[in-house]
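Below is one structure; the comments refer to it alone.
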Amino acid sequence: MTTPGNLFILSAPSGAGKSSLIKALLSQESTRSMEVSVSHTTRDPRQGENDGEHYHFISVDKFKAQITKNEFYEHAEVFGNYYGTSETAIDLQLAQGIDVFLDIDWQGAQQVRMKKPEVTTIFISPPSKAELENRLRKRGQDSEKIIESRMAQAKTECSHYNEFDYVIVNNDFSQALSELTTIVNNQRLKCSQQSITHKLMFNELLKD
């Protein structure tokens, strides 16, 4: 019997290092397959984006139909475009024993938690406002107006840190990655998981 995978949510303000941590985690050797969920969206693909790899690109009508059918773990409208996480796709991955990571905000996390209370939620925090702003400026991708907007949004994101199961302060990247790896391994070592993974062994141990 395949041990079901674990569902993880990682949330963070832009610039906290969440994407880099997920990428580094998935590049490590692991006893179990790990994948980042591919969201559905109604926006047009950007240059270099591939359907099914970066997003599942669908029409507005199809997206709204899926909302009506309650097919998303979470969904939101952002700047006129819809984004959502398919419940069927995630459940299939979990059934195959894959650990799945959702890169979503605190609002999405609340929606997923309503449908799947056992989800493990992790908040990635910057060590300070000054360091967060420094990281955003170092990226060299955003205008001054956008940086100000991201800093304001970061305050809102951080105000919900206490809704999460775990908090990682990404001051030192190696330490933060070690803490994230520990959280993932802890979930795999829970009795509910180990009793399935080692069912035959425990049956043998308990024989008269």
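Some observations on this one:
- Residue check, residue 207 in a helix (DSSP H, G or I) and over 27 Å from residue 38 (Cα atoms): no
- If the condition is being assigned to a loop (DSSP other than H, G, I, E, B) and either within 12 Å of the chain's Cα centre (by Cα) or at positive phi (or both), then the stretch 10-59 contributes 12, 15, 17, 37, 38, 39, 48, 52.
- From the list 65, 76, the one residue that fits, being part of a strand (DSSP E or B) and of a type in the set (A, V, I, L, M, F, W, C), is 76.
- Annotation note: Cβ proximity below 7 Å between a residue of the stretch 133-146 that is assigned to a loop (DSSP other than H, G, I, E, B) and a residue that is charged (D, E, K, R) (sequence gap 6+ or interchain) occurs for 142/150.
- Of all positions in the stretch 68-85, at least one carries a residue that is over 21 Å from residue 10 (Cα atoms) and touching a residue at least 40 places away in the same chain (Cβ under 8 Å).
- Scanning the stretch 27-54 for residues that are out of contact with any helix residue (DSSP H, G or I) (no Cβ under 8 Å at 6 or more places or on another chain), of a type outside the set (Ser, Thr, Tyr) and under 18 Å from residue 85 (Cβ atoms) yields a count of 6.
Where a number appears in this text, it was derived from the coordinates with a stated rule and is not lab data. The structure presented is a predicted model; accordingly, all values stated were derived computationally and were not measured. Counting neighbours? That spans all protein chains shown, and the Cβs are built from the backbone with ideal geometry, glycine included.
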